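Novice: Please see the structure below; I have some questions.
The values are calculated or read from the model by the stated rules, or taken from the named source; none is laboratory data. Since this is a predicted model, take the numbers as computed values, not measurements. Here Cβ is always computed from backbone atoms with ideal geometry, including for glycine, and neighbour counts include all displayed protein chains. Accessible surface areas use protein heavy atoms only, side chains included; no ligands, DNA or RNA. Shrake-Rupley method; radii C 1.70, N 1.55, O 1.52, S 1.80 Å.
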Amino acid sequence: MPKVLVTTGGGDCPGLNAVIRAIVKRAEQTKKWEVYGSMEAFNGVLRSPKEILPLDDEKVAGIHAKGGTILQTTNKGGPFNWPVKKDDGSWTAEDRSDEMIEYLKREGFEVVINIGGDGSQQISYDLHKKGLNVIGVPKTIDNDLASTDYTFGFQTAVDIATDAVDKLVTTAASHHRLMILEVMGRGAGWIALHSAIGGGAEVCLIPEIPYNLDKVLNRLNSRYNAGKGFAIIVIAEGAKPKEGSIMSRESTEVGYRNVRLGGVAYQLSDQLKKAGFENDIREMVLGHLQRGGTPVAYDRVLATQFGVKAMEMAINGEYGRMVSFLDHEITSVSLEQATKGQNLVDPNGFLVQAAKGVGISFGD
Ligand code: F6P
């Protein structure tokens, strides 16, 4: 019986469970393939005792509607950077990829389906280059993965962020306030852009378009001067002023692979006050609420297609590739291509043009 190992890596994301369920269901149809899951990305294989569990129809029943991942996840460490504590209490990283690959081959795993974002797909590619059969499945609420038009989880995050804008409008209008909503989006402003359009914000600030504070102020003043005594700004966590740098925080978490962002809403609020904006401002950082809860139907459908496609690629021996949604087709791209660059908002694209067409300022 050929065996497939499923892993979920990086931040959790609505739709992960729907992918796992689709893989298991498609595999069961073959009456041949056995599916296993490694807990917390590759940690389940690297830990002793191993945390690898068999997955069947019963284990995945009804999970398509649940957020998070039944396999749990991590954005720390991994086979190439396994954290090891030294005698003096400090940490170092060990490359355990060879040992892991040997183990998986010895145990008869034909292929690994690794569901994750850019960091996880880099691991997929590096493992593939070392001779492990790997298939990637793209995941991230940020929608910033190269070589796929959409990732599952994004639509859910956009709905949550748009709902937040709708709710903030109520308070903003009642108090004549400026409300600043900070949403996720490290390098890509997709969530900010979609929720700013969907929620009808006045200003949208994204990493792809560094902003000029005076331009933001002008847009706010024109709105207040027109007698509309409130406004909404949606800002992506990775947005930065033209003359500034990205706002990040130190992380003390061992092996953490990301730069910790968060807090640009407060930074912008201070900048506006210093620049003379006199109306009341309140800031709201939406944070992990965007990643939590039930996936919307769109994400369940996309995730299901990704899962079935990944399993069919396993059956057909199409390794070293990542599932992808391109030009309305579910297809696949090489991991080499998938790990090159990012899917960023095009400042000259029609979505930005449409936003500008309804009066949204990007501070440019
Ligand atoms: O990459 C997805 C993402 O949600 C980013 O938008 C965000 O910056 C990051 O993960 C947060 O990660 P963590 O859960 O480790 O704080």
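Novice: Return the FRET efficiency for the residue pair Glu51, Ser222: r is the Cβ-Cβ distance, R0 is 56 Å, and the value is rounded to the nearest 0.05. Please list the in-between numbers first.
Specialist: Details: r = 57 Å, r/R0 = 1.03.
E(calc), rounded to 0.05, equals 0.45.
Novice: In addition: Among the trypsin sites (Lys or Arg not before Pro) within region 231-334, which fall in a DSSP loop and have no more than 16 other Cβ atoms within 10 Å of their own Cβ? Spell out each step's value before the answer.
Specialist: Working: sites: Lys242, Arg249, Arg257, Arg260, Lys273, Lys274, Arg282, Arg291, Arg300, Lys309, Arg321; in loops: Lys242, Arg257.
Listed in order of number, the matching sites are Lys242.
Novice: Continuing with the same structure: Lys and Arg at +1, Asp and Glu at -1: add these up for the other residues within a Cβ distance under 15 Å of Gln155 and post the number. Walk me through the numbers on the way to the answer.
Specialist: Values: positive: Lys139, Arg291, Arg300; negative: Asp142, Asp144, Asp149, Asp159, Asp163, Asp299.
Net charge around Gln155: -3.
Novice: Right, something else. Run the helix sum for the chain: -39,500 (n - 2.57) per DSSP H stretch of 4+ residues, divided by residue count, reported at 222 nm to the nearest 500 deg cm²/dmol. Let's see the in-between values first.
Specialist: Working: 12 runs with 132 residues, N = 364.
Rounded to the nearest 500, the figure is -11000 deg cm²/dmol.
Novice: Same structure, new question: If R0 is 45 Å, what FRET efficiency do you get for Met1 and Asp364 from their C-beta distance, rounded to 0.05? Write out the running numbers ahead of the final one.
Specialist: Details: r = 57 Å, r/R0 = 1.27.
Given R0 = 45 Å and the Cβ-Cβ separation, E is 0.20.
Novice: Loop only per DSSP, at most 14 neighbouring Cβ atoms within 10 Å: give me the GluC sites (Glu not before Pro) in region 244-348, ordered by residue number. Mind showing how you got there, number by number?
Specialist: Details: sites: Glu250, Glu253, Glu278, Glu283, Glu312, Glu318, Glu329, Glu336; in loops: Glu250, Glu253, Glu278, Glu318.
Those satisfying the criteria are Glu250, Glu253, Glu278.
Novice: Asp149 to Ser245: extension gain in nm, 0.36 nm per residue of separation minus the Cα-Cα distance? Spell out each step's value before the answer.
Specialist: Numbers: separation 96, 0.36 × 96 = 34.56 nm, distance 2.79 nm.
Here the segment from Asp149 to Ser245 would lengthen by 31.8 nm.
Novice: Moving to a separate point now. Expressed as a whole percentage, what fraction of the accessible surface of the chain belongs to carbon and sulfur atoms when a 1.4 Å probe is rolled over the protein heavy atoms? Intermediate results must be reported in sequence, preceding the final value.
Specialist: Numbers: 7370 of 15600 Å².
C and S atoms contribute 47 percent here.
Novice: Then there's this: Taking amide H positions as placed in the peptide plane 1.01 Å from N, state which residues far from Phe42 in sequence (5 or more) or on other chains have amide H under 5 Å from it.
Specialist: Distant-sequence amide H within range of Phe42: zero hits.
Novice: For Thr140, what charge total do you get from the other residues with a beta carbon under 10 Å from its beta carbon, if Lys and Arg give +1 and Asp and Glu give -1? Let's see the in-between values first.
Specialist: On the way: positive: Lys139, Arg186, Arg291; negative: Asp118, Asp142, Asp144.
Result for the neighbourhood of Thr140: 0.
Novice: Based on alpha-carbon centroids, what's the gap between region 337-364 and region 50-93 in Å, whole number please?
Specialist: 34
Novice: Please work out whether region 1-80 counts as rounded, prolate or oblate from its C-alpha gyration tensor, where a ≥ b ≥ c are the square roots of the eigenvalues and a/c under 1.5 means rounded, while otherwise a/b larger than b/c means prolate and anything else oblate? List each step's numbers first, then the result.
Specialist: Details: a/c = 2.28, a/b = 1.25, b/c = 1.83.
Oblate.
Novice: Still on this model: Placing +1 at every Lys and Arg Cβ and -1 at every Asp and Glu Cβ, with all other atoms neutral, what dipole size does the chain have around its Cα centre, in debye to the nearest 20?
Specialist: Values: 40 positive and 45 negative charges, 64 e Å.
The dipole of the chain has a size of about 300 debye.
Novice: Mind ranking 18-26, 215-223, 197-205 by how tightly packed they are, going by the mean number of other C-beta atoms within 10 angstrom, highest first?
Specialist: 18-26, 197-205, 215-223
Novice: Which of the trypsin sites (Lys or Arg not before Pro) across region 76-109 are loop residues per DSSP, with 12 or fewer other Cβ within 10 Å? Provide the component values of the computation, followed by the final result.
Specialist: On the way: sites: Lys76, Lys85, Lys86, Arg96, Lys105, Arg106; in loops: Lys86, Arg96.
Of the trypsin sites (Lys or Arg not before Pro), the ones in loops of region 76-109 whose Cβ has at most 12 other Cβ atoms within 10 Å are Lys86.
Novice: Keeping every protein chain present and rolling a 1.4 Å probe, give me the accessible area per residue for region 156-282 in Å². Provide the component values of the computation, followed by the final result.
Specialist: Values: 5490 Å² over 127 residues.
Heavy-atom accessible area per residue stands at 43 Å².
Novice: Taking only protein heavy atoms and a 1.4 Å probe, what accessible area per residue, in Å², does region 93-151 have with all protein chains in place?
Specialist: Using a 1.4 Å probe on heavy atoms only, each residue of region 93-151 averages 34 Å².
Novice: Per residue, how much accessible area does region 1-49 have with a 1.4 Å probe, in Å²? Show your work: numbers first, answer last.
Specialist: On the way: 1580 Å² over 49 residues.
Here the residues of region 1-49 average 32 Å² of exposed surface.
Novice: Grab the other residues whose beta carbon is less than 13 angstrom from that of Ser361, score K and R as +1, D and E as -1, and report the net. Don't skip to the end; give the middle numbers.
Specialist: Working: positive: Lys215, Arg219, Arg223, Lys356; negative: Glu202, Asp214, Asp364.
With Lys, Arg at +1 and Asp, Glu at -1, the neighbours total +1.
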